[in-house]
1. Only sites in a loop by DSSP and with at most 12 other Cβ atoms within 10 Å count here; which trypsin sites (Lys or Arg not before Pro) in the stretch 5-54 make the cut?
2. Taking amide H atoms as placed 1.01 Å from N in the peptide plane, list the residues 5 or more away in sequence, or in a different chain, whose amide H sits under 5 Å from that of VAL188.
3. From the backbone phi of the stretch 28-40, what are the Karplus-calculated ³J(HN,Hα) couplings (6.51 cos²θ - 1.76 cosθ + 1.60, θ = phi - 60°) in whole Hz, Gly and Pro given as x?
4. Starting at the first residue of the stretch 159-174, write each ³J(HN,Hα) from the Karplus equation 6.51 cos²θ - 1.76 cosθ + 1.60 with θ = phi - 60°, in whole Hz, x for Gly and Pro.
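No value in this document is a laboratory result; all are computed from the given coordinates. Keep in mind the model is a prediction, meaning the values are calculated, not measured. Here the Cβ is made from the backbone with ideal geometry for all residues, glycine too, and neighbour counts use every protein chain on show.
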Amino acid sequence: NPLFSFAVKALQQNENLHALFWEDASGSLVRIVSLRHDPSLVELYRTQDTVQFIVTTVDPHGGILSELQLNESLEMVGSERVIPKTEKLVRPWNIQGEGFKGLQFLGPYVFGYASLPGISCTIAAAEENLIFGADMTLDRFTDFLWDQYVSQSGYSFIFTLDGLLVAHPREPSVTLARRGQEEEMWFVPLVHSTRAEVRKIGEFFNSQGSEA
């Protein structure tokens, strides 16, 4: 499969990517997650440390049809798992309006398949009737920001125009809030940041409203 080969190569060459996926016109989706021998991801996905890629195939209604676990040589580890239907997956590229075309950045939101906060980038290939996308977790954004030199006393951080903190090198950008019996992840508003300079930027954008 050319798409599979392309996705695996891209994941091997770009350590900032968490997963690549594609969806056809029927709504069937294939996702490849790269674990990168990260102990926290091995634990999260409840797998072995020899597993490098997890490939899931999902039906249009959100039920995972199958899961394959592969090592670095793309050899199967264990056997194929068939998993019962789960709750419908969040696919924000389907939520943001019909007739989606071109390149689009989605999020921040919590990846339903891993309970990790992140951002997706999707592109529609009209001729192939296909949507191709990439997932990047917020901790990768934080690592990226740590590597950016601004000045001796300055730093970079990422936020949305509606005032939510996406990634910050010196404080968490997500918080847990209880809704009913469950805890959900929420992105921290700039005005609730622990850092005064971030709160000031949030207050400025709030004062500007839709003109910001």
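1. For trypsin sites (Lys or Arg not before Pro) across the stretch 5-54 that sit outside H, G, I, E and B with at most 12 neighbouring Cβ atoms in 10 Å, the list reads ARG46.
2. The list, which skips near neighbours in sequence, is LEU165, VAL174, THR175.
3. 5, 10, 10, 10, 10, 9, 9, 8, 6, 6, 7, x, 5
4. 8, 8, 5, 8, x, 10, 7, 8, 7, 9, x, 10, 7, x, 9, 10
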